[in-house]
Structures are given as C-alpha cells and as structure tokens.
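Before any comments, here is the structure.
What follows draws every value from the coordinates through simple rules; no lab data is involved. This structure is a prediction, so every number in the text was calculated from the model and none was measured. Here the Cβ is made from the backbone with ideal geometry for all residues, glycine too, and neighbour counts use every protein chain on show.
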Amino acid sequence: MIHELERLLDPEVLTGLTTRPIDQLRRIRVDCSQVEGDISLVRRVSQGRLDIVGHETRRRAGDEAAQGDVADLLFDLPEILSDAPSAGGPASGGAVPGGRAVEVGEPGNVAAALVEQLDAMASPSDLAGIDQMTDQLLRELFERIRAFEVELSSIRRQLHERIDAIQAEIGRRYRDGEASVDSILS
C-alpha cells in the first residue's frame, strides 16, 4: 500500500485525539482530506472503466440501448460517464443517499500510484480492444475493476471516519473553550 495511505489508515491516527495539539489535528485532517480527494478521483476513473465494461457486457447480451460497435460506445461515453447512478449498482458508482459532496483538487501522489494500479489491471488500451475480448476475459476484467472500486470505497469510508472524528474533537475544543478563534487569527 502507498506509504501516505498506510499512515493515515493506521488505527494510531485516532489514538489520543483529546491530548494532541490542535495544529497536529488540523494537519492530519488536511492530509486525510487530500488523500480522500485522490481516492475519490481514482474511484471515479475506476467507475468509468466499470461502466465501459458493463456497457459492452449489456451490448453482448442484446440490450437494445447498448447495441452498436466500439464507435457507438465512444459516442455514448458522455452518458456512460455521467453522474447518473451506474448500471453496476451502488458499489460501482453513482450517487449514494446521504453521501458527501466530493471536492477533487489537484491529484497527488496517492492518485498517481492508484491510477498506476488501475492501469495495470484495466488500461485504456485494454478498453480500446474491449470488443475483441472473450466473454470470460470481459467478466474477469469487470470483477478486477469492481474489486478495486470496492476497496477504494472502503478506504474512502475509513478516511471519512478519521476526518469526522478529528473534526468532532476540534469542534469540542471550541465549544468547551479549550481553543479559540482568536488563536487562529493571531
């Protein structure tokens, strides 16, 4: 796993929140938020690839809406990759009821490393030849991408838990008078 991600997912990150300096809590929260942005970005890329494989699977199964050739698939990409819920189900994309708004900034090292992993299992050149794959290879590709996306979703939830716990502790300190807005402004 990527070092920065390992560090933030370590259970020790949440140990002793009440005794850590507030500046350290803020740094950890920012780090978690930045890595969460990377995870969200790569998760969206993996969902797009899942949608492409799912589209080809439906096309082969005779789905009228998915009929056509690879040129039609390319034409349909804006719709396939839209924010509409994925045909793959909740684990493979789309809006999640009660979910968070995702702000994706400049991709960082975590995004680069994860995209490299995704490309190793389902590169754009693999997807360009999707119409030449056997049904078995197509199913295997779908399962690899799906497992990767599920793992990213799990990591993202863990990061949200950390962000929420840290934010709750910072908020508690302000409510209880242990920290003040003046300290930020000075």
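Take 141-154, 117-130 and order them by the average number of nearby Cβ atoms within 10 Å per residue, most first; the result is 141-154, 117-130. Taken about its Cα centre, the range 3-63 carries a charge dipole of roughly 260 debye when the Cβ of each Lys and Arg holds +1 and the Cβ of each Asp and Glu holds -1. Label point of residue 174 set 7 angstrom out along Cα-Cβ; within the range 1-44, amide nitrogens under 16 Å from it belong to 22-27, 29-30. The calculated FRET efficiency for the pair residue 131 and residue 7, based on their C-beta separation and a Förster distance of 41 Å, comes to about 0.45.
Taking label points 7 Å from Cα along the Cα-to-Cβ direction, residue 112 and residue 18 give a separation of 4.1 nm.
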